[in-house]
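Read through the structure below, which is laid out as structure tokens, and then see the notes.
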Amino acid sequence: MRFQAEDTPDEKLGKLEQMLSQYRLPLEESVQLFAPLFSLPLPEDRYPALNLSPQRQRQKTLETIVAILLELAAHQPVLFILEDLHWTDPSTLELLNLVLDQTPTAALFALFTCRPYFQPIWSHKSYLSEVAVHRLSQPQIERMITQVAGGKTLPHAVMQQIVEKTDGVPLFVEEITKSLLESGQLKAVDGHYELTGALSALAIPATLQDALMARLDRLVSAKGIAQLAAVIGRQFAYDLLSTVSQLDEATLQRELGRLVEAEIVYQRGLPPQSTYVFKHALIQDAAYQSLLKSTRQHYHQHIAQVLEVQFSEIAEAQPELLAHHYTEASLYEQAVSYWHRAGQRAHERSAHVKAIRYLNNGLAILQTLPERAACR
């Protein structure tokens with residue numbers, strides 16, 4: 001939608017109308033389907049209420065999203081990629097099922113990635129192919145190490161230790177190689193690297209967690225930004241991080257630049273409209289777990305309060321986000337209130353599985369409140 005923080009609700013509605021007008025859709029109906037997703041109020045004189053049940057409105061919304069994809073595919077081939085399908089919510093799975101029903105007749109290529117334990121409901125359709133990605137072989141690991149090292153080869157003994165320790169896991173291969181290159185224990189000589197000391201003195205991280213933490217530790221002050229960002233989430237916006245961190249813009253942009261340079265996070269757009277995403281969920285988790293519990297709770301509380309006061313549109317649209325932060329901050333009264341709001345909002349959209357989960361989260365906290373009070 002290209003919404004800006006300073007946009008008024010009317011301006012956001014105008015952008016929504018402009019976007020939807022590009023497609024062969026009944027504009028009045030489609031605006032009323034999409035506006036609630038952005039928590040946008042609709043003027044009753046222009047948009048009289050749809051006479052649809054919540055279930056039918058939800059179904060029509062999903063069908064309209066599919067119609068937009070098909071409209072795009074009618075003009076040029078569309079590549080639709082969705083990663084980490086194992087974390088997908090029920091509403092998105094329902095949408096994907098509708099999308100896949102259309103792929104045999106549309107110029108649409110859908111590529112989904114997931115962990116082996118995820119069992120999709122559409123696996124037996126003839127036009128779908130499943131590709132199992134196995135652990136890397138030793139020659140593949142060695143080629144990957146050389147590629148990460150900028151085309152320069154590492155000493156054979158070092159390569160062998162990386163092969164043995166990483167067990168063919170690509171992320172571990174990449175991170176342990178980068179960790180060694182940044183350690184100062186290897187130096188570039190012509191087209192290869194040489195050890196600066198004895199092989200026995202080479203500190204090769206034993207686990208992926210160790211490799212990730214070694215890289216974060218070497219970033220010094222940027223590590224603190226990564227930790228704070230990890231509390232916000234896998235993806236985070238520059239304006240929110242700036243407000244929460246209270247750093248001046250020059251310092252924050254410099255430290256974020258170091259994280260981007262080190263490929264800890266990827267950047268989209270330019271500050272202050274930029275957003276960032278941790279390269280992998282495990283990197284975010286490593287940064288998050290490296291914080292003391294008391295520090296994590298403080299960060300969660302501060303983020304929730306900033307969202308509540310200064311980013312009210314997010315608090316309105318995503319109450320489950322504030323519920324999560326207040327829960328992790330051990331501020332249970334506020335958490336229960338927001339879990340209740342999130343459950344109500346999901347129920348209004350007929351996202352019943354989500355509503356049940358959100359309300360159960362709130363109930364679980366309520367059931368433990370007497371116990372927590374006794375402990376205090």
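A short reminder: the numbers here are calculations on the coordinates, not readings from a lab. None of the values given here were measured: they were computed from a predicted structure. Using ideal geometry, Cβ is built from the backbone for each residue, glycine included, and neighbour counts are taken over all protein chains shown.
Just so you know, in the stretch 278-302 the residues that are touching a Leu at 6+ places or on another chain (Cβ under 8 Å), in a helix (DSSP H, G or I) and of a type outside the set (A, V, I, L, M) include one that is surrounded by the fewest Cβ atoms within 10 Å (Cβ to Cβ), and it is Gln301.
Residue-wise test of (1) surrounded by 12 or more Cβ atoms within 10 Å (Cβ to Cβ); (2) of a type in the set (A, V, I, L, M); (3) touching a Ser or Thr at 6+ places or on another chain (Cβ under 8 Å).
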position	(1), (2), (3)
Glu17	yes, no, no
Arg24	no, no, no
Phe34	yes, no, yes
Asp45	no, no, no
Val78	yes, yes, no
Leu82	yes, yes, yes
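Taking each residue of the stretch 164-189 that is more than 14 Å from Met144 (Cα to Cα) and looking for partners that are polar (S, T, N, Q) with beta-carbon atoms closer than 6 Å, six or more apart or interchain, yields Gln185/Thr196; Lys187/Thr196. Across the stretch 3-56, the number of residues qualifying as in a loop (DSSP other than H, G, I, E, B), under 23 Å from Ser350 (Cα atoms), of a type in the set (Asp, Glu) and within 31 Å of the chain's Cα centre (by Cα) comes to 0. If I ask for residues that are among the polar types (S, T, N, Q) and assigned to a loop (DSSP other than H, G, I, E, B), which ones from the stretch 234-271 would you list? Within the stretch 234-271, Gln246 is the sole residue that qualifies.
Residues in the stretch 124-146 that are out of contact with any strand residue (DSSP E or B) (no Cβ under 6 Å at 6 or more places or on another chain) and surrounded by 11 or more Cβ atoms within 10 Å (Cβ to Cβ): Lys125, Leu128, Arg135, Leu136, Ser137, Gln138, Gln140, Ile141, Glu142, Arg143, Met144, Ile145. Restricted to the stretch 312-341, and to residues there that are aliphatic (A, V, I, L, M) and outside any helix (DSSP H, G or I), the residue that is nearest to Leu240 (Cα to Cα) is Ala329. If only residues of the stretch 173-198 that are part of a loop (DSSP other than H, G, I, E, B) and in contact with a helix residue (DSSP H, G or I) (Cβ under 9 Å, 6 or more places away or on another chain) are counted, the one that is surrounded by the fewest Cβ atoms within 10 Å (Cβ to Cβ) is Ser183. What about Ala157, is it farther than 22 Å from Gln209 by Cβ, part of a helix (DSSP H, G or I) and either out of contact with any Lys or Arg (no Cβ under 9 Å at 6 or more places or on another chain) or among the aliphatic types (A, V, I, L, M) (or both)? Against the criterion (farther than 22 Å from Gln209 by Cβ, part of a helix (DSSP H, G or I) and either out of contact with any Lys or Arg (no Cβ under 9 Å at 6 or more places or on another chain) or among the aliphatic types (A, V, I, L, M) (or both)), Ala157 qualifies. If you go through the stretch 155-214 and keep only what is small (Gly, Ala, Ser) and more than 26 Å from the chain's Cα centre (by Cα), you end up with Ala157, Ser183, Gly184, Ala188, Gly191, Gly197, Ala198, Ser200, Ala201, Ala203, Ala206. Taken together, the residues in the stretch 243-295 that are more than 13 Å from Ile225 (Cβ to Cβ), aliphatic (A, V, I, L, M) and touching a Phe, Trp or Tyr at 6+ places or on another chain (Cβ under 7 Å) amount to 1. One residue alone among Gln344, Gln367 is part of a helix (DSSP H, G or I), within 27 Å of Pro36 (Cα to Cα) and over 21 Å from the mean Cα position of the chain (by Cα), and that residue is Gln344.
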